[in-house]
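Contents: one structure, followed by commentary.
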Amino acid sequence: MAAARAVVTGGAGFLGSHLCEKLLGEGIEVVCIDNLLTGNLANVEHLFGRPGFAFEKYDVTNHLHVPGRVDFVLHFASPASPIDYLLLPIQTLKVGSLGTHKALGLAKAKGARFLLASTSEVYGDPLVHPQPESYWGNVNPVGPRGVYDEAKRFAEAMTMAYHRFHNVDTRIVRIFNTYGPRMRAHDGRVVPAFICQALAGKPLTAFGDGSQTRSFCYVDDLIEGIVRLLFSEIADPVNIGNPAEMTVLQFAEEIRRLTGSSSPIVFKPLPEDDPKVRQPDITTAFTRLGWQPRVPLAQGLARTIEYFRTVAPCAPPV
């Protein structure tokens with residue numbers, strides 16, 4: 001019997017590239033589609049020439065057609081960092097709306113299972129803590145972050161509409177803060193920002209008073225959870241993330257310790273609508289997928305720091 005075949009949109013991005021690698025390792029052929037707006041060909045170049053891997057540079061907000069058999073469509077295409085939302089607001093909205101529509105259309109046409117990469121940002125600046133899947137969120141639709149938050153909320157609604165109306169077999173993963181090799185150095189996220197600042201001996205920039213919390217999941221753990229969800233029978237959204245919550249200030253101290261940096265920590269005003277807390281309730285993932293994160297923060301960060309030291313040094317932002 002021929003190998004299963006998956007289409008991964010945004011496959012040259014941070015998460016998408018790790019997902020392509022994982023699926024290939026599971027014996028699944030992969031068609032990686034990315035317009036390289038925020039993705040990077042270097043993330044998947046090591047897969048070129050590998051049996052069962054194909055790359056296509058393409059914007060999935062246009063009509064999406066893939067010849068031949070398709071068993072899985074995993075929609076990961078989207079700018080996904082605060083700097084991206086501000087620089088690419090229209091593209092962010094389009095890939096969450098039009099891109100999701102086109103990717104669902106492909107899944108429907110091929111009779112494929114569809115998995116949407118959603119986000120903890122659908123919870124906005126939450127009034128419920130930690131955040132279970134049943135929480136509807138507290139999102140400002142007209143704020144600067146709304147272009148991402150609402151694009152993903154719309155994407156979830158569109159996915160469920162295709163599930164209910166067209167009987168498409170769908171999955172939705174709500175991804176919490178994830179880190180690891182292949183993050184972009186200057187995408188505005190706290191992990192690469194702190195690491196690059198520490199390695200350069202520059203002050204670590206914390207926003208607000210540093211008391212806001214985040215929960216960091218190593219990329220290998222996240223991808224394992226996503227693949228388990230893909231092969232499950234759960235159509236409702238599932239949180240995948242690490243519930244080990246810490247303040248931004250605590251995180252800055254951990255980065256200083258692991259890099260051996262003596263950089264001071266400086267404070268800047270909190271960006272508009274920046275979430276004050278973020279912590280996944282992973283009861284569903286644990287009980288129904290048998291999944292929980294396994295990589296300790298210090299171990300995952302050490303691998304990420306090594307990546308920025310040796311593989312992709314933090315060049316100045318362009």
Within segment 163-191, can you find the residues that are crowded, with 21+ Cβ neighbours inside 10 Å and more than 16 Å from the chain's Cα centre (by Cα)?
Val168, Thr170
Applying the selection to segment 116-168, what residues are closer than 19 Å to Leu86 by Cβ and part of a strand (DSSP E or B)?
Thr119, Gly124
When you check Ala157 against the structure, is it over 20 Å from Ile226 (Cα atoms) and surrounded by fewer than 18 Cβ atoms within 10 Å (Cβ to Cβ), yes or no?
no
If you go through segment 289-303 one residue at a time, how many are closer than 22 Å to Asn43 by Cβ, surrounded by fewer than 22 Cβ atoms within 10 Å (Cβ to Cβ) and in contact with a Phe, Trp or Tyr (Cβ under 6 Å, 6 or more places away or on another chain)?
1
In the set Asp59, Asp84, which member is assigned to a loop (DSSP other than H, G, I, E, B), of a type outside the set (Gly, Ala, Ser) and touching a Leu at 6+ places or on another chain (Cβ under 9 Å)?
Asp59
Residues that are within 15 Å of Arg288 (Cα to Cα), at least 2 per element: which strands (runs of 3 or more DSSP E) completely within segment 219-269 meet that?
238-240
Only residues in segment 134-156 that are not assigned by TED's automatic domain parsing to the domain that holds Pro271 and acidic (Asp, Glu) count as the first member; pair them with residues that are assigned to a loop (DSSP other than H, G, I, E, B) and buried (at least 16 other Cβ atoms within 10 Å of the Cβ), Cβ under 6 angstrom, at least 6 apart or cross-chain, and list the lot.
Asp149/Val139
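Do we have Cys32 as free of Cβ contacts under 8 Å to residues at least 40 places away in the same chain, part of a helix (DSSP H, G or I), in the same structural domain as Arg145 (by TED's automatic domain parsing) and crowded, with 22+ Cβ neighbours inside 10 Å here? If you could, list the steps in order and put the result at the bottom.
Numbers: free of Cβ contacts under 8 Å to residues at least 40 places away in the same chain: yes; part of a helix (DSSP H, G or I): no; in the same structural domain as Arg145 (by TED's automatic domain parsing): yes; crowded, with 22+ Cβ neighbours inside 10 Å: yes.
No; evaluated as a whole, the condition is false for this residue.
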Answer with yes or no whether Asp84 is acidic (Asp, Glu), touching a residue at least 40 places away in the same chain (Cβ under 8 Å) and closer than 19 Å to Asp187 by Cα.
yes
Could you tell me whether segment 40-53 includes any residue that is in contact with a helix residue (DSSP H, G or I) (Cβ under 6 Å, 6 or more places away or on another chain), part of a loop (DSSP other than H, G, I, E, B) and within 21 Å of Val168 (Cα to Cα)?
no
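The values are calculated or read from the model by the stated rules, or taken from the named source; none is laboratory data. All values derive from a computational prediction rather than experimental measurement. Cβ coordinates were reconstructed from backbone atoms using ideal geometry, including for glycine residues, and neighbour counts include every protein chain displayed.
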